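Worksheet: one structure, shown below.
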Amino acid sequence: MLTKNEKSALKAVFSICGEKSSCLASPADLLVRFPPKSCVSEKRLSEILACLEYDGYIRVVLSDRHGETVYCIELLPRGKGYGRETAQSRRTLALRLIISIASAVLTFVTGRILYFLIK
């Protein structure tokens with residue numbers, strides 16, 4: 001299970017990479033794409049990317065471009081499937097909500113029918 005910051009980092013990587021499987025990104029490029037309320041520093045970002053690399057989502061290589069640190073990020077198969085995984089979890093959540101609402105309505109209607117039959 002990914003943490004909130006790891007999910008935000010993967011979303012940032014996806015937005016930079018687009019359809020490609022690898023991209024170059026500076027820490028500032030990634031941090032701009034984080035939610036406004038998250039307080040993630042460059043040091044914490046490197047830790048998050050290391051965790052994602054350890055979990056098999058991405059491969060990160062540090063590079064230097066004109067004195068600025070740049071991440072060369074490659075999406076691994078598990079990382080490419082993250083978008084599909086999030087869409088599937090949203091569908092599952094929506095289905096569970098629909099089932100619970102339908103169950104509540106059915107219970108209410110059944111209760112009302114029994115109330116009028118017994119009354």
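Laid out as a table, the results:
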{"read-out": "Residue match in the stretch 51-65 (condition: under 24 Å from MET1 (Cβ atoms), out of contact with any strand residue (DSSP E or B) (no Cβ under 7 Å at 6 or more places or on another chain), assigned by TED's automatic domain parsing to the domain that holds SER8 and of a type in the set (Lys, Arg))", "value": "no"}
{"read-out": "Contacts under 7 angstrom Cβ, first residue in the stretch 21-32 being assigned by TED's automatic domain parsing to the domain that holds VAL70, partner assigned to a loop (DSSP other than H, G, I, E, B) and not charged (D, E, K, R), 6 or more apart", "value": "LEU31/VAL40"}
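The values are calculated or read from the model by the stated rules, or taken from the named source; none is laboratory data. Since this is a predicted model, take the numbers as computed values, not measurements. Reconstructed Cβ throughout: ideal geometry from the backbone, glycine too, with neighbour counts over all protein chains shown.
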